[in-house]
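After the structure tokens below, expect a handful of questions from me.
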Amino acid sequence: MAEEEEVSKISVGSFTVGIVGLKAALERAAQAGVSPDEKGGEYLLGVLKPKNYVPSSSEPDYARAFLREYRKFKGFVVESDKPPGLEVKILGPGCINCDKLEQMVYKVMSTASLLGTVEHVRDLKEIVSYGIVSMPALVINGQIKCAGRLPVEKQLLQWLKEAAT
């Protein structure tokens, strides 16, 4: 059986995407002495495109994102390519309450016209990295707002608005 390659999440433009084999490609580029400039992004695009879906119209965005990841890997300080707005994470395996919280977040953000990304984190290792034991949990811009319960919509709206300012 072939060894399964790791999937890394990165920002490409205003989207978060999963890239198969990124860490191995970064290590290979460093070992090959690839320059951490535009050529490095092109090199990584060539290496990673066969294993990942990269729309041809978005190749320049992917090359920039790969270059940013390579520069971070090489120890350079890079500007974040974080999408604008709130970053909301629902932590939980996908139980009924986790799904209710996710839908509540979408509803409140939509009603209040708040811009941001919503991610439902189901990976137990990532959930544990937040120090969470009770689920579902809500994280807004890296800050844990509640765990083990569903907030009322009014409280959720207040948290989101405070985080958006």
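Filter the helices (runs of 4 or more DSSP H) completely within the stretch 1-114 down to those with at least 2 residues that are hydroxyl-bearing (Ser, Thr, Tyr) and surrounded by 18 or more Cβ atoms within 10 Å (Cβ to Cβ).
Details: elements: 22-31, 38-48, 59-73, 96-111.
Hits in the stretch 1-114: 59-73.
Got a number for residues in the stretch 129-144 being farther than 12 Å from residue 92 by Cβ and surrounded by fewer than 18 Cβ atoms within 10 Å (Cβ to Cβ)? Break it down into steps so the answer makes sense when it comes.
Going residue by residue through the stretch 129-144, those that are farther than 12 Å from residue 92 by Cβ are 129, 131, 140-144.
Subsequent filtering for residues that are surrounded by fewer than 18 Cβ atoms within 10 Å (Cβ to Cβ) retains 129, 131, 141-144.
Final tally of qualifying residues: 6.
Still on this model: Spot the failing condition for residue 117; the list is (1) of a type outside the set (A, V, I, L, M); (2) part of a helix (DSSP H, G or I); (3) under 17 Å from the mean Cα position of the chain (by Cα), and only one is missed.
Only one criterion in (1) of a type outside the set (A, V, I, L, M); (2) part of a helix (DSSP H, G or I); (3) under 17 Å from the mean Cα position of the chain (by Cα) is unmet by residue 117, namely (2).
Given the conditions (1) under 29 Å from residue 36 (Cβ atoms); (2) in contact (Cβ under 8 Å) with a residue 24 or more places away in the chain, which single one is not true for residue 129?
Result: residue 129 passes all but (2).
Can you say whether residue 133 is in a loop (DSSP other than H, G, I, E, B) and within 24 Å of residue 17 (Cα to Cα), as far as the supplied structure shows? It would help to see each step written out before you state the result.
On the way: in a loop (DSSP other than H, G, I, E, B): yes; within 24 Å of residue 17 (Cα to Cα): no.
Here the answer is no, as residue 133 does not meet what is asked.
Here's something else I'd like to know. When both residues are 6+ apart or on different chains and their Cβ atoms are under 9 Å apart, which pairs have a first residue that lies in the stretch 98-124 and is free of Cβ contacts under 8 Å to residues at least 40 places away in the same chain, and a second that is among the basic types (Lys, Arg)?
Listed by first residue and then by second, the contacts come to 98/122; 118/89; 120/89; 121/89.
Taking the stretch 144-165 as the search range and keeping residues that are out of contact with any Ser or Thr (no Cβ under 7 Å at 6 or more places or on another chain), assigned to a loop (DSSP other than H, G, I, E, B) and not β-branched (Val, Ile, Thr), which one is farthest from residue 133 (Cα to Cα)? Working first, answer last.
Taking the stretch 144-165 first, the residues out of contact with any Ser or Thr (no Cβ under 7 Å at 6 or more places or on another chain) are 144-146, 149-165.
Subset that is assigned to a loop (DSSP other than H, G, I, E, B): 149-152, 165.
In the following step, the residues that additionally are not β-branched (Val, Ile, Thr) were identified as 149-151.
Details: 149: 12, 150: 15, 151: 17 Å.
Looking at the filtered set, the residue picked out is 151.
Quick note: the coordinates plus some simple rules give every number you see, no bench work behind them. Not measured: the values here are computed from a predicted model. In this analysis, Cβ positions are derived from the backbone assuming ideal geometry, glycine residues included, and neighbour counts consider all displayed protein chains.
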